[in-house]
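Shown next, in structure tokens, is the structure this report addresses.
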């Protein structure tokens with residue numbers, strides 16, 4: 001069990017240590033167990049799996065969250081995480097623009113607005 | 001204008017010539033202009049852009065369609081197209097499984113069922 | 001109360017008497033009150049209101065159901081109802097194609113497939 | 001007709017008199033009839049029905065709005081209403097956390113953020 | 001780790017042993033690890049938690065899947081599971097009908113059609 | 001190619017020159033090509049087509065965006081555009097209210113809130 005948590009936390013740190021810590025802290029008061037489930041399952045069990053490289057995983061997540069359009073805060077987190085992993089800004093804007101085809105222009109426009117906001121304070 | 005259509009058709013052929021032809025033929029009777037718009041815009045203008053490699057584009061599409069859960073036929077088309085481009089079955093099932101985190105288990109289960117169906121008749 | 005039900009039923013008959021009767025009959029066994037609520041509220045209270053003509057109301061419904069992509073049976077019912085009210089096939093395919101812009105190509109493609117199916121057996 | 005409105009208003013008052021009044025007042029200027037339809041149909045016709053206890057109805061609503069992710073203001077209203085009916089904070093956070101399984105972690109995280117906000121000013 | 005899997009499997013058996021086994025078997029070929037993650041996380045980690053009784057958890061799930069409208073097969077599974085836990089048919093149809101308010105009539109109509117199908121072969 | 005862009009820009013100007021210019025300017029920094037694709041495809045290729053009058057097109061868009069509930073900023077833009085084309089406030093609130101039937105009350109309430117905000121500063 002420790003392993004799943006440690007593996008998840010290590011991945012979360014690699015994606016974005018600061019944002020990860022903030023998300024877990026925000027859960028502490030309202031649903032502390034959920035912070036653990038998020039680290040263990042989402043990061044430790046699923047995203048840390050081999051078989052698909054981490055950059056492609058993040059691009060897939062950015063595409064999916066752009067298409068869904070219901071989680072703008074999480075979309076910004078994953079755009080930042082993708083940059084941290086070495087994805088280029090162009091790779092991200094291309095994946096977001098492509099969602100105009102699969103989920104419509106409003107979804108893509110909101111995704112690009114999220115990217116613009118993240119890029120404004122990102123170093124790479 | 002010819003260029004956009006030709007570029008889109010060339011990409012569609014590369015993804016899956018047979019399925020592409022079937023989709024365009026199905027539109028012929030009900031909305032012939034839409035077949036042209038699909039080829040020109042979706043494939044010629046957007047998916048054929050440089051800046052993101054085609055395999056990653058298809059994985060992003062498979063992830064997004066899995067997350068949305070509203071277009072199972074198109075999801076199957078893109079799983080097949082991704083295989084045709086050289087994505088491995090594992091890369092695709094990993095991208096789909098990851099959607100359990102971002103869109104829930106039912107979305108991922110339906111995505112895996114689509115993959116299973118496509119894999120059953122695919123050569124690679 | 002009678003008024004709301006009668007007004008709703010009259011509208012449902014005008015949209016498509018046969019399909020309306022079939023939908024209400026299907027509810028009879030599992031949730032009979034819901035048949036009444038559907039007639040009273042959806043048709044009697046809302047769709048029968050003045051202020052927006054009935055043809056535009058049906059086109060708005062066809063557009064919305066195409067965009068949502070979660071209710072293909074109801075989409076076919078409303079495409080048929082719109083034809084019955086005098087909407088042309090072109091008006092309907094244009095409204096559906098437009099959803100490619102606002103909800104993506106898969107939504108529009110599925111909407112056009114629904115239209116094609118309805119048109120195949122419709123008289124106008 | 002009076003009955004439906006009175007029954008709906010009585011239920012709305014029981015859920016949250018203050019928030020209910022605010023919602024109806026906000027509609028007054030832009031769509032006054034809609035305030036009446038909301039009270040009559042949503043509360044008087046549907047939610048006031050016997051056959052499912054009111055606490056379970058509110059938990060079902062909180063779960064559904066968390067899963068949909070498109071109506072954060074209404075989600076907060078129903079979390080507050082559920083508390084007013086005697087649901088515990090734990091029952092609500094459990095229902096919201098469970099949506100991670102059925103609609104993904106972002107939906108659950110946004111639901112928990114809504115709960116946290118409501119809990120901060122709630123008395124029970 | 002064994003514990004999470006065993007706890008999840010015990011819950012799945014209680015919900016519907018036959019359907020549970022069928023779902024896990026269907027995953028075996030395409031994504032065997034996902035069967036384990038489903039049992040461990042969805043059932044072992046989340047749905048088996050104390051703090052909200054199991055019947056209410058199933059009603060919340062039925063409501064959410066009805067509202068989402070993207071997973072009709074899973075909706076039928078959970079309607080059946082809810083019956084197995086002792087929910088009455090009325091409790092389920094009321095929860096589904098209520099979704100007309102929060103997600104629209106098409107969602108509720110499709111949910112009632114799913115319920116009708118499940119009820120036709122259920123013993124209670 | 002010039003034609004598509006010019007036709008799209010002319011339509012965008014007719015819908016709302018000021019908002020159109022602001023949207024295109026916002027894209028300039030993050031994804032300049034997307035501004036062009038938006039004008040060419042969404043406005044030049046699709047919305048400018050004959051076969052459905054422009055007022056009905058805008059009402060269909062307002063209905064669809066209300067139903068989807070994921071793009072409040074774009075919904076406000078299209079409510080404003082519809083007013084600019086000569087749609088009455090009543091036609092718009094009726095189309096939005098009708099979405100309570102097809103996508104639920106929260107979607108309609110959020111759509112009416114968007115309309116109220118636009119109406120507050122609109123001249124017609």
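In table form, for the structure just shown:
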item	result
Check on residue C:29, within 16 Å of the chain's Cα centre (by Cα) and over 24 Å from residue F:82 (Cα atoms)	no
Failed condition for residue B:7, given (1) in contact with a helix residue (DSSP H, G or I) (Cβ under 7 Å, 6 or more places away or on another chain); (2) farther than 23 Å from residue F:33 by Cβ	(2)
Matching residues, region F:81-90, being crowded, with 21+ Cβ neighbours inside 10 Å and not in a loop (DSSP other than H, G, I, E, B)	F:81, F:82, F:83
Qualifying residue in region E:64-72 (condition: more than 12 Å from chain C (Cβ to nearest Cβ), at negative phi and crowded, with 24+ Cβ neighbours inside 10 Å)	yes
Residue in region D:20-28 that is away from chain F (no Cβ under 12 Å), under 27 Å from residue B:102 (Cβ atoms), free of Cβ contacts under 8 Å to residues at least 40 places away in the same chain and out of contact with any strand residue (DSSP E or B) (no Cβ under 7 Å at 6 or more places or on another chain) present	no
Check on residue D:10, more than 25 Å from residue E:56 (Cβ to Cβ), surrounded by fewer than 18 Cβ atoms within 10 Å (Cβ to Cβ) and modelled with pLDDT of 95 or more	no
Failed item, numbered, when residue B:92 is tested on (1) more than 13 Å from chain C (Cβ to nearest Cβ); (2) closer than 13 Å to residue B:14 by Cβ	(2)
Some residue of region C:68-78 being free of Cβ contacts under 8 Å to residues at least 24 places away in the same chain, out of contact with any strand residue (DSSP E or B) (no Cβ under 8 Å at 6 or more places or on another chain), outside the structural domain of residue C:3 (by TED's automatic domain parsing) and more than 30 Å from residue E:118 (Cα to Cα)	no
Any hit, region E:33-55, residues being in contact (Cβ under 8 Å) with a residue 12 or more places away in the chain, crowded, with 24+ Cβ neighbours inside 10 Å and farther than 21 Å from residue B:108 by Cα	no
Count of residues meeting criterion [closer than 20 Å to residue B:55 by Cα, in a helix (DSSP H, G or I) and under 16 Å from the mean Cα position of the chain (by Cα)] in region B:95-124	9
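Okay, residues lined up against (1) more than 19 Å from residue E:27 (Cα to Cα); (2) within 12 Å of chain C (Cβ to nearest Cβ); (3) in contact with a helix residue (DSSP H, G or I) (Cβ under 6 Å, 6 or more places away or on another chain):
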site: B:34; (1), (2), (3): yes, yes, yes
site: B:43; (1), (2), (3): yes, yes, yes
site: B:51; (1), (2), (3): yes, no, yes
site: B:54; (1), (2), (3): yes, no, no
site: B:61; (1), (2), (3): yes, yes, yes
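The values are calculated or read from the model by the stated rules, or taken from the named source; none is laboratory data. Small disclaimer: the values here were computed from a predicted structure and weren't measured. All Cβ positions, even for glycine, are placed from backbone atoms using ideal geometry, and neighbour counts span all protein chains on display.
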